[in-house]
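One structure is given here, and the rest of the page talks about it.
The values are calculated or read from the model by the stated rules, or taken from the named source; none is laboratory data. From a predicted model like this one, the values you see are computed outputs, not experimental measurements. Glycine also receives a Cβ, built like all others from the backbone with ideal geometry; neighbour counts cover every protein chain displayed. Ligands, DNA and RNA are excluded from the accessible area calculation, which covers all protein heavy atoms including side chains. Shrake-Rupley method; radii C 1.70, N 1.55, O 1.52, S 1.80 Å.
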Amino acid sequence: MRFIILNGSPKGDTGVTIQYVKFIQKHYPHHDYVYYNISSRIKTIESNSKLFHNILSDIKSSDGIIWATPVYTLFVPAQYMKFIELIHERNEGHCFKGKYATVISTSIHFYDHTAHRYMNAVCDDLDMNYIDYFSAGMDDILNNTGRTRLRTFAENFLNSVKKKVKPQKRYKPVKENNFRFIPGDAIDKINGRDKKIIIVTDTKNHNSNIARMIKRFSESFSGSVDLLNLWDVTIKGGCTGCLKCGYDNSCMYKDSFSDFYRSKVLPADIVVFATELSHRNVSSKFKEFFDRRFFMNHAPDMRGKQIAFLVSGPTSQMPYMYDFFEGSIEWQNGNLSGIVRDDTGDSDDINRNIQHLAESAVIFSTAGYCRPQTFLGVGGAKIFRDDVWGKLRFVFHADYKYYKKNKLFDFPHNKYQSRVFNSIIRLLTKSPRFRHKFYEKIKTEQSKSHRKIMKKY
Ligand SMILES: Cc1cc2nc3c(=O)[nH]c(=O)nc-3n(C[C@H](O)[C@H](O)[C@H](O)COP(=O)(O)O)c2cc1C
């Protein structure tokens, strides 16, 4: 059988993820494997139509596609998303129809599930036979268990192609609607109380719903709101994954992005991201912003800010997008003031919600409010804490300093009082008499301190 490997790593052949595919090739050598470095060559692929069509004709004549990609900022690299956009914009989706597909990623398991759900949706839209995904930790292949798992996964994929299994689709085709949002007058102007409010957008179309939502949001305030369009910033390309920023947060690109981020985004109190969804995600341009923000590494630089999203497009048909909106803010201890979408198809509803969002953002910002993190934030922050302290420390010097200075290494094993307490109780509970009484009382004792607080405040 013949497989086309679409490599999503901006590092090309030297990436980690592609080694997983090479390993499969080594163990299943009786097939043809054709490799294309998509992300590292995206500019050439975009401008060189011969190369683009060579890739497509290889895909057409293949039995299956292996999408092999690193997880970048909760999804896949912006350059890979650009390739997916090109397929649709140039109406070449038919080349993928009926082909078998699988997705292999490597990451540190921070929102790898969102990346895989997105890629599953991409394959379903292209009418491919999506078999399975393999989300490896970066270094899994270095141990026996990791290699055994990879072989079992590969075998299952190859057998599925051979047997021509017909998998069920997880995502139904997106239903677009041509709803046109009519912005109402913002009569009750909000006093922004000297808050620095910015809107970051990627829209080029002044007559789009998202442009009108931006206008309506800006007009909610009596004072000024800064509109920052990513197309006005000189951004030479997507993150290349070189990791030079790990030392001191300086990006290897000599363009305007870092300055833009430091001087416009970081000083803001309220940041509104306004975007139109395209092909199952935000646009590759918008994603480039989030990937390039990686020069700040794993420092939670949205901490204490109010963040909101204005989204045009069928958000509610892409459930994983909510994990992106919520998770990307929560792990940083920013507060998600709200998300307003136009897919309700009701202008009154959108006007009301934009006005409410504008009001809440100012109230929350003034109160310094940040809602408690859910699993999305708590879990995400713990992954970064552990890895910045542990296996990633040798690369991410700046992170390590930041985490130390801001007391983010809050491991349970640093809490000496609770360690002593636990050791004593564990010892005592070995006695059946103590254990019996202990577990009898725990129901009421657990809230004893809470009840005390209630009396006091
Ligand atoms: C810009 C950037 C963003 C990243 N975002 C994530 C992420 O959201 N979640 C995660 O688990 N790993 C993330 N990573 C780590 C990569 O997924 C990981 O290093 C991967 O193994 C790299 O694969 P490659 O060598 O094939 O490019 C990110 C790395 C970079 C450079």
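Quickly work out the ASP32-to-SER57 label distance, labels modelled 7 Å from Cα along the C-beta direction, and quote it in nm with one decimal.
Here the answer is 1.3 nm between the modelled labels.
Mind listing the long-range amide H neighbours of PHE273? Cut-off is under 5 Å, sequence gap 5 or more, other chains count too, H placed in the peptide plane at 1.01 Å from N.
The answer is VAL200, ALA308, PHE309, LEU310.
Using modelled backbone amide H atoms (1.01 Å from N, in-plane), which distant-in-sequence or interchain residues come within less than 5 Å of ALA101's amide H?
Correct list: ILE65, ASN129, TYR130, ILE131.
Arranged from highest to lowest average of other beta-carbon atoms within 10 Å per residue, in what order do the peptides 49-56, 72-79 appear? Walk me through the intermediate numbers first.
On the way: 49-56: 14.1, 72-79: 26.8.
Those peptides, ordered most packed to least, come out 72-79, 49-56.
Determine the gain in length on full extension of the stretch LYS189-SER360; use 0.36 nm per residue of separation and subtract their C-alpha separation, reporting nm with one decimal.
Values: separation 171, 0.36 × 171 = 61.56 nm, distance 1.32 nm.
Stretched out fully, the LYS189 to SER360 stretch lengthens by 60.2 nm.
Where the accessible area of the chain is counted over protein heavy atoms with a 1.4 Å probe, how much of it, in %, is carbon and sulfur? If you can, show how the numbers build up before the last one.
Details: 12080 of 23070 Å².
Answer for the chain: carbon and sulfur cover 52 percent of the accessible area.
In Å², and per residue, what accessible area does segment 415-456 have when probed at 1.4 Å with the other protein chains present?
Working: 4440 Å² over 42 residues.
I get 106 Å² per residue for segment 415-456.
Take the Cα radius of gyration of the chain and divide it by 2.2 N^0.38 Å, with N its residue count; two decimals is plenty.
Details: Rg = 24.8 Å, N = 457, 2.2 N^0.38 = 22.6 Å.
Against the empirical 2.2 N^0.38 Å value, I get 1.10 for the chain.
Helix by helix, which DSSP H runs in the chain go 24 Å or more along their axis at the Cα atoms and have an average Kyte-Doolittle hydropathy of -1.0 or more?
Details: long enough: 144-163 (28 Å, -0.97); 347-367 (30 Å, -0.10).
Span-like helices, by this rule, are 144-163, 347-367.
Keeping all protein chains in place, calculate the accessible area per residue for segment 2-163 (probe 1.4 angstrom), answer in Å². Before the final figure, lay out each step's value.
Numbers: 6350 Å² over 162 residues.
With the other protein chains kept in place, segment 2-163 gives 39 Å² per residue.
Give me the 1.4 Å probe accessible area per residue for segment 197-375, excluding ligands and nucleic acids, in Å².
On the way: 6700 Å² over 179 residues.
Ligands and nucleic acids excluded, the result is 37 Å² per residue.
Where the centre of each part is set by its Cα atoms, how far does segment 28-79 sit from segment 197-231, in angstrom?
A separation of 35 Å, based on Cα centres.
Helix-derived [θ] at 222 nm for the chain: sum -39500 (n - 2.57) over DSSP H runs of at least 4, divide by residue count, nearest 500?
On the way: 17 runs with 194 residues, N = 457.
Computed ellipticity for the chain at 222 nm equals -13000 deg cm²/dmol.
Give a residue-ordered list of calculated ³J(HN,Hα) values for segment 192-198 (Karplus: 6.51 cos²θ - 1.76 cosθ + 1.60, θ = phi - 60°; whole Hz; x for Gly, Pro).
Result, ordered by residue: x, 6, 6, 6, 7, 10, 10 Hz.
So if R0 is 22 Å, what FRET efficiency would PHE411 and SER449 give, r being the distance between their Cβ atoms, rounded to the nearest 0.05?
Numbers: r = 23 Å, r/R0 = 1.04.
Taking R0 as 22 Å, the efficiency between PHE411 and SER449 is 0.45.
What percent antiparallel are the DSSP beta bridges of the chain, to the nearest 5? Walk me through the intermediate numbers first.
On the way: 2 of 51 bridges.
Here the share of antiparallel DSSP bridges comes out near 5 percent.
Let a ≥ b ≥ c be the square roots of the eigenvalues of the Cα gyration tensor of segment 415-456; is it rounded (a/c under 1.5), or, if not, prolate (a/b larger than b/c) or oblate? Intermediate results must be reported in sequence, preceding the final value.
On the way: a/c = 4.74, a/b = 1.39, b/c = 3.41.
Oblate is the answer for segment 415-456, as a/c is 1.5 or above yet b/c matches or exceeds a/b.
What is the packing order of peptides 298-305, 376-383, taking the mean over residues of other C-beta atoms within 10 Å and listing the highest first?
Working: 298-305: 19.8, 376-383: 17.9.
Per-residue mean Cβ counts within 10 Å order the peptides as 298-305, 376-383.
Quick one: if the Förster radius is 51 Å, what FRET efficiency do LYS175 and SER263 give, using the C-beta to C-beta distance and rounding to 0.05?
The pair LYS175/SER263 has a calculated efficiency of 0.80.
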